[in-house]
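The structure under discussion appears below in the form of structure tokens.
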Amino acid sequence: MFSRISCRIKFAAWRRPRAILWAAVGLATLVLLVAMEIAARRYGGVPGPAATLVREVIFAPKPGPLYGGLALMMVVLTWRQRFLAAGAAIGIDIVFVLVRWAIDAKVPDGHFFGNGALWVMLGCAVIAVTRRTGEERVLLLKGVGLGLLLVAGRKIGDSWLLITSKTRPTVLDPYLATADHALGNPSWLAGRILKSTGPIATHVLDLVYAQLAVAAVVVALYQLRNVAAERRFPRHHLVRTFLVIGLLGPAIYMIFPVVGPIFAYGPGTSGTGGVEWAVANLWPHTPPPIAIPHPVPYDAITPRNCMPSLHTAWATAIFIHSRKGPRVLRYAGAFWLIATLSATLGFGYHYGVDLVAGVVFSLTTEAALRAFDRGWDRSGIQLVTYGTTVFAALLVSYRYLPMEMARHPWVFGPLLILALTSVIYGYVRTTKLWESEAPKAAPARRPEPQAELV
């Protein structure tokens with residue numbers, strides 16, 4: 001009788017909406033990994049994200065994402081457990097480096113450390129299953145899942161970029177370059193300004209642009225700083241927004257393939273693109289002429305990763321989530337957003353219209369996640385619907401109205417800024433209303449006694 005009651009309780013728990021949601025998310029993630037694995041091998045002849053992650057258990061990995069994932073996982077551990085986990089990861093990496101040195105194994109530049117972080121995360125998953133029970137097991141598994149999601153998200157993104165370059169032989173850069181006349185060709189202007197400032201500004205912006213994930217991890221660690229004490233994750237945090245943006249954004253790349261000004265109108269960069277594939281070698285000194293746009297062929301190497309600007313979307317998310325932090329974090333979030341916008345334009349990676357779409361995309365994604373957490377109501381549905389409509393209208397305008405935008409910049413330029421401002425205003429107004437209606441946080445729960453992580 002008791003076993004039947006227990007089964008009914010477990011079945012009822014699985015019928016809860018949140019449990020069903022997590023099961024659906026897990027299934028969707030599995031399907032996505034399998035699909036990306038097949039696509040990466042079919043179009044690029046290289047391993048996909050799942051195979052790459054398994055391979056990095058032994059072979060030399062990219063160190064950044066793995067240690068970033070380890071840092072996120074450790075938010076569920078006590079300080080003693082964090083020191084043990086970090087020490088174990090470093091020790092394992094030292095062993096791997098010594099073995100590779102002893103057998104004279106060739107590794108790519110910079111791919112020396114990272115195996116230890118992955119081993120520790122996998123080890124914590126085993127400990128959660130074998131030595132934890134109840135809520136403590138769930139919390140540790142959530143921490144491991146969060147860290148591995150960050151690593152897997154980076155690898156899924158790399159596979160997406162490969163697929164865009166192989167499956168989209170033509171790009172739509174002339175459409176965006178034409179539409180960008182409505183904003184005064186900001187990439188050309190920013191490129192000239194950056195070239196005139198000298199190497200210091202260039203190095204700073206390059207560092208900011210390349211280390212966006214580091215800034216995200218710093219803000220996320222601040223948001224998750226109390227997880228170990230409260231034994232629960234906050235309802236909403238930056239990592240969720242970061243991952244969803246990275247998951248949805250590449251789908252737009254497939255719809256609107258664009259390589260960017262420096263590739264389509266400039267010399268390209270080392271290892272990709274070049275003058276031979278460019279429409280004309282104009283960036284950044286000569287704005288492109290106004291002419292009827294058409295798709296142009298491009299190489300099968302350069303990712304079609306401009307529309308929308310996901311660097312702008314991620315930097316916007318970092319800025320939003322840093323607003324609740326201390327002053328130094330708020331200043332850092334604002335600096336990272338401004339520097340990222342400057343870098344995307346100044347290096348010729350994006351057009352101005354990309355940035356407008358990226359901000360709208362980020363705010364809409366953030367609003368959808370927050371609306372889901374608090375329960376969909378009229379204000380949430382209206383905000384997400386409006387943001388989605390504006391984003392779709394931007395894409396349609398860039399594709400089908402670029403000549404009108406270029407010929408009437410004093411009409412369409414203010415309209416673009418007005419559309420962007422309206423989404424920002426709607427987001428700020430609605431989220432302030434949500435925060436004023438939010439109930440007070442529940443008191444922290446006392447952790448159950450568990451065996452130490454050793």
The stretch 222-329: equivalent-ellipsoid semi-axes (sqrt of 5 x gyration tensor eigenvalues, Cα, Å): 39, 15, 12
Alpha-carbon Debye profile of the stretch 351-416, log10 I(q)/I(0) at 0.13, 0.20, 0.25, 0.27 Å⁻¹: -0.43, -0.79, -1.02, -1.12
For the chain, Kirkwood radius (reciprocal of mean inverse C-alpha pair distance, Å): 23.9
Distance histogram for the stretch 119-268 (every C-alpha pair counted, 5 angstrom bins, percent rounded to whole numbers): 2, 7, 11, 14, 14, 15, 12, 8, 6, 6, 4, 2, 0
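Can you tally the net charge around Arg330? Count Lys and Arg as +1, Asp and Glu as -1, for every other residue whose Cβ sits under 9 Å from the Cβ of Arg330.
Neighbour charge sum, excluding Arg330 itself: +3.
Ordering Lys106, Lys432, Lys142, Lys155 from largest to smallest accessible area (1.4 angstrom probe), what's the sequence?
Output order, biggest surface exposure first: Lys106, Lys432, Lys142, Lys155.
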Interchain or long-range residues, amide H under 5 Å from Val171's placed H: Val296, Tyr298
Carbon/sulfur fraction of accessible area - the chain, other protein chains in place, 1.4 Å, %: 70
Alpha-carbon centroid distance for the pair the stretch 208-239 / the stretch 250-328, whole angstrom: 28
Net charge, Thr29 excluded, C-beta distance under 14 Å - Lys, Arg +1, Asp, Glu -1: +1
Evaluated at q = 0.14, 0.15, 0.22 Å⁻¹: base-10 log I(q)/I(0), Debye formula over Cα of the stretch 315-394: -0.56, -0.64, -1.02
In Å², nearest 10: area of Ile424 left accessible to a 1.4 Å probe: 70
Value at 222 nm in deg cm²/dmol, rounded to 500, when DSSP H runs of n ≥ 4 in the chain each add -39,500 (n - 2.57): -22500 deg cm²/dmol
For Ser379, solvent-accessible area (1.4 Å; no DNA, RNA or ligand), Å²: 30
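When the solvent-accessible surface of protein heavy atoms is calculated with a 1.4 angstrom probe, in what order do Glu435, Glu230, Glu366 fall, highest first?
Of Glu435, Glu230, Glu366, the descending order of accessible area is Glu435, Glu230, Glu366.
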Positive minus negative residues near Thr286 (Lys, Arg vs Asp, Glu; Cβ under 15 Å): +1
Chymotrypsin sites (Phe, Trp or Tyr not before Pro) restricted to DSSP loop in the stretch 84-128 with at most 16 other C-beta within 10 Å: Phe112
³J(HN,Hα) computed for each position of the stretch 425-430 - Karplus, 6.51 cos²θ - 1.76 cosθ + 1.60, integer Hz, glycine/proline x: 4, x, 5, 4, 5, 5
Mean-position separation - Cα centroids, the stretch 87-151 and the stretch 335-358, in angstrom: 35
Probe 1.4 Å, all protein chains present, accessible-area order of Ile245, Ile127, largest first: Ile127, Ile245
From phi via Karplus (6.51, -1.76, 1.60), per-residue ³J(HN,Hα) for the stretch 188-203 in Hz, x at Gly/Pro: 5, 5, 5, x, 5, 4, 5, 5, 7, 8, x, x, 5, 4, 4, 5
Note, ³J(HN,Hα) from phi for the stretch 53-59, Karplus 6.51, -1.76, 1.60, rounded to Hz, x at Gly and Pro: 5, 5, 4, 6, 5, 10, 7
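The values are calculated or read from the model by the stated rules, or taken from the named source; none is laboratory data. Note that the structure is a prediction, hence the values are computed from the model and not measured. So basically every Cβ, Gly included, is an ideal-geometry build from the backbone, and we count neighbours across all protein chains shown. The accessibility values were calculated without ligands, DNA or RNA, using every heavy atom of the protein model including side chains. Shrake-Rupley method; radii C 1.70, N 1.55, O 1.52, S 1.80 Å.
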